[in-house]
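As structure tokens, the structure follows; a few thoughts come after it.
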Amino acid sequence: APVRLADYRPPAWLIESVRLTFDLRPRGTRVTARLALRRNPDGDGGPLRLDGRNLRLVAASVDGAPVSPETDAEGLTLSGTASGAALPDAFVWEAVTEIDPEDNKALEGLYLSRGMFCTQCEAQGFRKITFFPDRPDVMAMYEVRIEADAGSCPALLSNGDLIESGALPKGRHYAVWRDPHPKPCYLFALVAGDLRETRADFTTVEGRQVRLGVWVRPGDEGRTAYAMDSLIRSMRWDERAYGRAYDLDVFNIVAVDDFNMGAMENKGLNIFNAKYVLASPETATDADYARIESIVAHEYFHNWTGNRITCRDWFQLCLKEGLTVFRDQQFTADERSAPVKRIEDVVTLRARQFREDGGPLAHPVRPEEYIEINNFYTATIYEKGAEVIGMLHTLFGPEGYRKALDLYFERHDGQACAIEDFRRCFEDATGRDLTQFARWWSQAGTPEVGVEESWQEDGGRYALIFRQSTPPTPGQPDKAPLVIPVALGLLGANGDDLLPEGTRIVELTEAETAVTFEGLPARPVPSLLRGFSAPVRLIRETSDAERAFLMAHDSDAFNRWEAGRAYAVDVALRMAGGADADPAFLDALDALASDESLDPAFRALALETPGEDELARETFARGTPADPQALHAARDALRRAAAGRMGDALERLHREMTVPGPYSPDAAAAGRRALRNRALGLLVARGAPDDLARAAGQFERADNMSDAFPALAALVHADAPQAAAALAAFHDRWRDDPVVMDKWFAVQATAPADDALGRVRALTEHPLFDWLNPNRFRSLVGAFAAGNPSAFHAADGAGYAFLADWLIRLDAKNPQTTARMAGAFETWGIYDAGRQRLIRDQLERIAAAPGLSRDTGEMVSRMLGAP
Ligand code: ARG
Ligand code: ZN
């Protein structure tokens, strides 16, 4: 049965303090939990109910007297003491449980990753460690004692400060950690293993000396510098931008090979998927560096938005995730280039969130029910959640926004909050009622904003008529109007901004809103939704000429890019319908790519060809089922045509956009490489022997991964004669390096060859294909399903069956990663009836698999449209 937001009740019991003792063994770890419990005066009363899953209860006591509570699959219930008396209003609960970290391939709770003990508790993993009220509104102080083998686990880490450590008999040792900040159990963490620390010191604005550590496996110490540098810059930035300083004497980051997600913000002990920590010039691309920087920042920023102020219940997930994503986006915009960051974020938003919002998995930023909360760590909660915060920033400006956030931190520090608390801070700080705005949190679906114009020569009157509507989504047939901030400018014939303020923010609050401008010298060209000021689909009749004009002139960098993107989508779809490449588009693209006044990183984005999934969804939006093979061919043809038209410019960019000196991951250097590699990719699409040789030469001469990998990808994706040798060389050099080898698998899984599925199948037999490692599984099976549309959507359904086979197999071990990947099927509705039937068959086959997890079961039934 689903859990419902409307059913929220305060906890019946509160916890004063938690003392945990771990006797770590790969099999049969004993956990002793001592909880000082107190009945919540605001609770419903009743017996003590503790959550617990896959635990063996060895012993339990109340105030030292043994008890035998009733256990079931989801936890235990304790109605009275051993003597049969009612439970006192305050008592000490102690329980010894036994768990099996080595057998834990779900990677939730306490598990073993290549000999290293680690935990992942968000959202509900703590109940796999000990019996506990596993909900975020129960906050307590923790003291944690870890005992382990000193030889295999020299490092023993938990939250807070180390207060004691020492040797024990039989080659074991121990450490005791204490976290002075009350926290929900999902922020608990423990790590024990053979780890090496990179250290740095940081002094906060408040004068606190903090010891920073990045912990990695022996051999990886040379790849921690960038994560550490990113951490230090994040700490400074949060002090400056939000007035938030760090609050403990220790901050540790640990890299783990087996991890379901990107990273986790455990108090004082962030645990990361190794691929988002480890970087060296030889092993990581510029994009990897950028992702490390933003994830390190994201997890660090959670210390205030998530940890100090946490969520009342899991329906409020966007309270911490949307806000923290917005914060990490601001950080990257400040550290690198704001327009480039905005374009990248919108590309991701459309590719992931619009895709989700337009299909059977659509849900509000704050959902109202769930079966498995892990299924709601979605693009909607994260990315659309961040857009909602961004709109508040736009509506109130930097000062109003800062005032509201200051109030939020002041009012709610130490609390578990709901979206309403956050909203009230904005209302109180700005004096504005946000009742209507709050629909952004409750209403699913991507709003559509249609625009019409009228022009009257007489008086220079220009009007824009906006009509908003939001399509129905599962469970929400009718939608009400939203508050939509539309940033707009008007351009004159020479490309100048006509509005005195350049950009004006217009607020749409009704189904229809008209805006008029008077005294304009001539009919303007509108530049609408500048900076993508709201997460909506803008629908407006426009012309190729106008798009080319905006590509050349818009003072808003985002819209300059956007005009080119929309134009490219149109041209690609026309080509899928049999048209030739539009020369006017290619001219406009060439002009943009060659404009030396523009940031190379921006030009690289302008040269990006829209992806096949985006083209497929756009085809459907225009009223026809998507044909994946035709779109693939059209996209290819567009790239070839662009390379043909722009050959000279591309060759020049490839020659000139080199970066002298040793590799540096800074934004300027990365931007030059991005443009250079974009040029290379297009040249290779042209496919002349010289072009392929150029890529092969770059691969061979590269002394860093940012040069090597794009060249490899270009060769492999073009099925060039040099591809096999390059893949072999890459394999031989990196076979012992999991983070790098994931790239080797992914580049092949996404290659659109005729026998793509055959190649992927063969790779599942490769000795390095470890399907229980989520990164490896995603780099092969996931990359095929998400990154090779023409093969995955083969008309015979073989791609679908292949994915379903693997999902059924993995589900028995790791439901979370399986359920997430099942989303590869979420767009089934945009394809023809034949493919729809084939996908439904596979979804039904998965649904019928014996012992299917709650996670995957929920995803599949939502995609099948079951209630
Ligand atoms: N809070 C983490 C982050 O945003 C994500 C953890 C997700 N874990 C999960 N089991 N769904 O950085
Ligand atoms: Zn987060």
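Across the stretch 267-326, what is the number of residues that are acidic (Asp, Glu), crowded, with 24+ Cβ neighbours inside 10 Å and either touching a Lys or Arg at 6+ places or on another chain (Cβ under 8 Å) or over 23 Å from GLY414 (Cβ atoms) (or both)?
Number satisfying all stated conditions: 2.
Listed here are the residues, each with its yes/no results for (1) surrounded by 21 or more Cβ atoms within 10 Å (Cβ to Cβ); (2) among the β-branched types (Val, Ile, Thr); (3) in a helix (DSSP H, G or I).
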{"residue": "PHE784", "(1), (2), (3)": "yes, no, yes"}
{"residue": "ALA791", "(1), (2), (3)": "yes, no, yes"}
{"residue": "ALA795", "(1), (2), (3)": "no, no, no"}
{"residue": "TYR800", "(1), (2), (3)": "yes, no, yes"}
{"residue": "ASP805", "(1), (2), (3)": "no, no, yes"}
{"residue": "LYS813", "(1), (2), (3)": "no, no, no"}
{"residue": "MET821", "(1), (2), (3)": "yes, no, yes"}
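Tell me, which strands (runs of 3 or more DSSP E) wholly within the stretch 4-71 include 2 or more residues that are among the aromatic types (Phe, Trp, Tyr)?
13-23
So which pairs qualify, if the first residue must be in the stretch 386-402 and free of Cβ contacts under 8 Å to residues at least 24 places away in the same chain, the second must be surrounded by fewer than 21 Cβ atoms within 10 Å (Cβ to Cβ) and in a helix (DSSP H, G or I), the Cβ gap must be under 7 Å, and the two must be at least 6 apart or on different chains?
Qualifying pairs under 7 Å: TYR401/HIS393.
Anything in the stretch 68-126 that is within 16 Å of ligand 1 (Cβ to nearest atom), in contact with a Pro (Cβ under 8 Å, 6 or more places away or on another chain) and more than 30 Å from GLY151 (Cα to Cα)? List them, or say none.
Answer for the stretch 68-126, where residues must be within 16 Å of ligand 1 (Cβ to nearest atom), in contact with a Pro (Cβ under 8 Å, 6 or more places away or on another chain) and more than 30 Å from GLY151 (Cα to Cα): there is none.
Determine, yes or no, whether SER280 is under 18 Å from the mean Cα position of the chain (by Cα), touching a residue at least 24 places away in the same chain (Cβ under 8 Å) and under 21 Å from ARG673 (Cβ atoms).
Here the answer is no, as SER280 does not meet what is asked.
Name the one entry in ALA404, ALA429, ALA444 that is under 31 Å from the mean Cα position of the chain (by Cα), modelled with pLDDT of 95 or more and assigned to a loop (DSSP other than H, G, I, E, B).
So the residue among ALA404, ALA429, ALA444 that is under 31 Å from the mean Cα position of the chain (by Cα), modelled with pLDDT of 95 or more and assigned to a loop (DSSP other than H, G, I, E, B) is ALA444.
Okay, residues lined up against (1) among the aromatic types (Phe, Trp, Tyr); (2) part of a helix (DSSP H, G or I); (3) buried (at least 16 other Cβ atoms within 10 Å of the Cβ); (4) free of Cβ contacts under 8 Å to residues at least 60 places away in the same chain:
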site	(1), (2), (3), (4)
ALA584	no, yes, no, yes
ALA588	no, yes, yes, yes
LEU592	no, yes, yes, yes
SER597	no, no, no, yes
PRO610	no, no, yes, yes
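Which condition number does ILE295 fail, the rest of (1) within 10 Å of ligand 1 (Cβ to nearest atom); (2) touching a strand residue (DSSP E or B) at 6+ places or on another chain (Cβ under 6 Å); (3) in contact (Cβ under 8 Å) with a residue 40 or more places away in the chain; (4) not hydroxyl-bearing (Ser, Thr, Tyr) being met?
(3)
Any residue in the stretch 431-440 that is surrounded by fewer than 18 Cβ atoms within 10 Å (Cβ to Cβ), away from ligand 2 (no atom under 16 Å from the Cβ) and farther than 17 Å from VAL483 by Cβ?
no
Since THR204 meets every condition but one in (1) farther than 24 Å from GLU147 by Cβ; (2) touching a strand residue (DSSP E or B) at 6+ places or on another chain (Cβ under 9 Å); (3) within 16 Å of ligand 2 (Cβ to nearest atom); (4) not small (Gly, Ala, Ser), which condition does it not meet?
With (1) farther than 24 Å from GLU147 by Cβ; (2) touching a strand residue (DSSP E or B) at 6+ places or on another chain (Cβ under 9 Å); (3) within 16 Å of ligand 2 (Cβ to nearest atom); (4) not small (Gly, Ala, Ser) applied to THR204, the lone miss is (3).
Specify which of the listed residues (GLU321, GLU282, GLU293) is among the acidic types (Asp, Glu) and not in a helix (DSSP H, G or I).
Result of the check over GLU321, GLU282, GLU293: GLU282.
With respect to the numbered conditions (1) assigned to a strand (DSSP E or B); (2) within 16 Å of PHE22 (Cα to Cα), which one is the sole condition not fulfilled by SER152?
Every condition holds for SER152 apart from (1).
Residues being buried (at least 20 other Cβ atoms within 10 Å of the Cβ) and away from ligand 2 (no atom under 16 Å from the Cβ): count how many of those fall in the stretch 361-374.
6
Could you look through the stretch 289-335, keep only residues that are within 30 Å of TYR663 (Cβ to Cβ), among the hydrophobic types (A, V, I, L, M, F, W, C) and within 13 Å of ligand 2 (Cβ to nearest atom), and pick out the one that is farthest from the chain's Cα centre (by Cα)?
Taking the candidates together, the pick is PHE301.
Within the stretch 257-266, which residues are more than 12 Å from ligand 1 (Cβ to nearest atom) and more than 17 Å from ALA155 (Cα to Cα)?
Selection gives ASP258 alone.
If you scan the stretch 238-251, which residues turn out to be under 23 Å from the mean Cα position of the chain (by Cα) and away from ligand 1 (no atom under 16 Å from the Cβ)?
ALA241, TYR242
When both residues are 6+ apart or on different chains and their Cβ atoms are under 6 Å apart, which pairs have a first residue that lies in the stretch 255-275 and is away from ligand 2 (no atom under 12 Å from the Cβ), and a second that is basic (Lys, Arg) and part of a helix (DSSP H, G or I)?
Note: no pairs meet the criteria.
Which is over 32 Å from the mean Cα position of the chain (by Cα), in a helix (DSSP H, G or I) and farther than 16 Å from PRO752 by Cβ, of LEU683, LEU675, LEU650?
Only one candidate qualifies: LEU650.
For the subset of the stretch 267-279 comprising residues that are under 15 Å from GLY213 (Cα atoms) and assigned to a loop (DSSP other than H, G, I, E, B), which member is farthest from ligand 1 (Cβ to nearest atom)?
My answer is LEU278.
Search the stretch 157-174 for residues being among the aliphatic types (A, V, I, L, M) and farther than 25 Å from ALA255 by Cα, and hand back the single one that is surrounded by the fewest Cβ atoms within 10 Å (Cβ to Cβ).
Among those that are among the aliphatic types (A, V, I, L, M) and farther than 25 Å from ALA255 by Cα, it is ALA167.
Looking only at the stretch 716-746, count how many residues are among the acidic types (Asp, Glu) and under 30 Å from the mean Cα position of the chain (by Cα).
So the count comes out to 3.
Hey, does the stretch 719-727 have a residue that's surrounded by fewer than 23 Cβ atoms within 10 Å (Cβ to Cβ), in contact with a helix residue (DSSP H, G or I) (Cβ under 7 Å, 6 or more places away or on another chain) and not in a loop (DSSP other than H, G, I, E, B)?
Yes, there is a match, as at least one residue in the stretch 719-727 is surrounded by fewer than 23 Cβ atoms within 10 Å (Cβ to Cβ), in contact with a helix residue (DSSP H, G or I) (Cβ under 7 Å, 6 or more places away or on another chain) and not in a loop (DSSP other than H, G, I, E, B).
Specify which of the listed residues (ARG56, ARG114, ARG127) is under 29 Å from the mean Cα position of the chain (by Cα), loosely packed, with under 15 Cβ neighbours inside 10 Å and not aromatic (Phe, Trp, Tyr).
Testing whether each residue is under 29 Å from the mean Cα position of the chain (by Cα), loosely packed, with under 15 Cβ neighbours inside 10 Å and not aromatic (Phe, Trp, Tyr) leaves just ARG114.
Could you check, for the stretch 344-365, whether at least one of its residues is touching a Lys or Arg at 6+ places or on another chain (Cβ under 7 Å) and within 12 Å of ligand 1 (Cβ to nearest atom)?
There is no residue in the stretch 344-365 that is touching a Lys or Arg at 6+ places or on another chain (Cβ under 7 Å) and within 12 Å of ligand 1 (Cβ to nearest atom).
Of these, ALA123, ALA106, ALA82, which one is within 29 Å of ALA418 (Cα to Cα) and in a loop (DSSP other than H, G, I, E, B)?
When all the criteria are applied, what remains is ALA123.
Please tell me if LYS320 is of a type in the set (D, E, K, R) and away from ligand 1 (no atom under 11 Å from the Cβ).
no
Restricting the first residue to the stretch 92-106 and requiring it to be in contact (Cβ under 8 Å) with a residue 24 or more places away in the chain, which pairs with a second residue that is among the β-branched types (Val, Ile, Thr) and surrounded by 18 or more Cβ atoms within 10 Å (Cβ to Cβ) meet a Cβ separation below 6 Å and a spacing of at least six or different chains?
Here the result reads THR97/VAL31; THR97/THR130; ILE99/THR29; PRO101/THR29, each pair linking the stretch 92-106 to a residue that is among the β-branched types (Val, Ile, Thr) and surrounded by 18 or more Cβ atoms within 10 Å (Cβ to Cβ).
The values are calculated or read from the model by the stated rules, or taken from the named source; none is laboratory data. No experiment lies behind these values; they were computed from the predicted model shown. So basically every Cβ, Gly included, is an ideal-geometry build from the backbone, and we count neighbours across all protein chains shown.
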